[in-house]
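Asks: Sharing a structure here in structure tokens format.
The values are calculated or read from the model by the stated rules, or taken from the named source; none is laboratory data. On a predicted model such as this, the values are computed, not experimentally measured, just so you know. Note that each Cβ is placed from the backbone with ideal geometry, even for glycine, and that neighbours are counted across all protein chains shown.
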């Protein structure tokens with residue numbers, strides 16, 4: 001089981017199965033930390049395509065999955081993943097359209113990437129999503 005869920009109520013853990021994936025890039029400035037992408041001062045992304053391809057490969061090898069859940073950068077990636085699937089995009093040669101569609105996304109403290117907001121949500125996605133946003137979150 002993933003360490004993030006060890007403290008959850010055992011009654012819930014009997015109902016679901018989690019599969020956790022560690023981000024592929026070392027996080028700058030934090031020992032033992034990882035990131036899905038790097039942001040510059042304009043909140044534009046780099047390496048997000050590599051991370052999306054990494055997740056698509058993982059889903060193909062270990063799935064199918066009903067949903068996706070992510071926190072912080074993982075929340076951003078979870079939202080983008082539902083968009084990539086809905087548009088049946090090809091990311092670095094990985095087809096998203098041949099995977100079963102995710103039925104839901106849980107996005108915890110996720111933000112958005114500059115320049116993608118309008119494109120991602122036009123037209124609105126049909127994937128159900130639950131967003132958790134704290135009062136101290138920057139977005």
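Asks: Please go through region 53-68 and pick out each residue that is without any contact (Cβ under 8 Å) to a residue 40 or more places away in the chain and closer than 16 Å to residue 107 by Cβ. Before you say what the answer is, go through the steps one by one.
Replies: If we filter region 53-68 for residues that are without any contact (Cβ under 8 Å) to a residue 40 or more places away in the chain, which is where we start, we get 54-55, 57-58, 60-61, 63-64, 66-68.
Correct list: 55, 66, 67, 68.
Asks: Could I ask something else about it? Mind checking whether some residue in region 48-61 is in a loop (DSSP other than H, G, I, E, B), surrounded by 14 or more Cβ atoms within 10 Å (Cβ to Cβ), within 15 Å of the chain's Cα centre (by Cα) and at pLDDT 90 or above?
Replies: Pass one, region 48-61, residues in a loop (DSSP other than H, G, I, E, B): none.
Looking through region 48-61, none of the residues is in a loop (DSSP other than H, G, I, E, B), surrounded by 14 or more Cβ atoms within 10 Å (Cβ to Cβ), within 15 Å of the chain's Cα centre (by Cα) and at pLDDT 90 or above.
Asks: Checking residue 83 against (1) in contact with a helix residue (DSSP H, G or I) (Cβ under 9 Å, 6 or more places away or on another chain); (2) over 20 Å from residue 125 (Cβ atoms): exactly one of these is not met. Which one?
Replies: Against the list (1) in contact with a helix residue (DSSP H, G or I) (Cβ under 9 Å, 6 or more places away or on another chain); (2) over 20 Å from residue 125 (Cβ atoms), residue 83 comes up short only on (2).
Asks: Looking only at region 107-124, which residues are part of a loop (DSSP other than H, G, I, E, B), in contact with a strand residue (DSSP E or B) (Cβ under 9 Å, 6 or more places away or on another chain) and at pLDDT 65 or above?
Replies: Selection gives 109, 110.
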